[in-house]
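To keep things clear, I will list the structure first and then write my remarks on it.
The values are calculated or read from the model by the stated rules, or taken from the named source; none is laboratory data. It should be emphasised that the depicted structure is a prediction, and the values quoted were computed from it without experimental measurement. So basically every Cβ, Gly included, is an ideal-geometry build from the backbone, and we count neighbours across all protein chains shown.
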Amino acid sequence: MPHVVGVHCFSWGPEAERYPLDSRKLLWQAVSDVLRGNGRDMDMMLEFVEDDHPGNVLQDAAFLRWITLVEDQATSGQ
């Protein structure tokens with residue numbers, strides 16, 4: 001972790017099929033929890049989205065926001 005400065009977020013299947021991030025919700029929540037517990041700010045960046053569709057960028061961004069902000073507030077008791 002001391003050398004990690006950010007995480008590229010995407011969800012691919014074994015044949016390079018692209019899926020929405022929320023299809024692997026538990027994985028990305030776990031990643032977010034590890035980064036949050038690191039004690040310093042980290043970037044989570046969208047890299048690839050399903051079908052390269054602009055609307056899917058918004059969907060995945062909203063999911064990342066939810067797991068990083070809303071989940072953080074829930075665990076801090078706010």
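Values as computed for the structure displayed
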{"read-out": "Any helices (runs of 4 or more DSSP H) falling wholly within the chain and containing at least 1 residues that are at pLDDT 85 or above", "value": "25-36, 54-65"}
{"read-out": "Residue pairs meeting the criteria (Cβ under 9 Å; at least 6 apart or on separate chains; first within 15 Å of A62 (Cβ to Cβ) and surrounded by 11 or more Cβ atoms within 10 Å (Cβ to Cβ), in the range 39-50; second aromatic (F, W, Y) and modelled with pLDDT of 85 or more)", "value": "M44/W28; L46/F10; V49/F10; E50/Y19"}
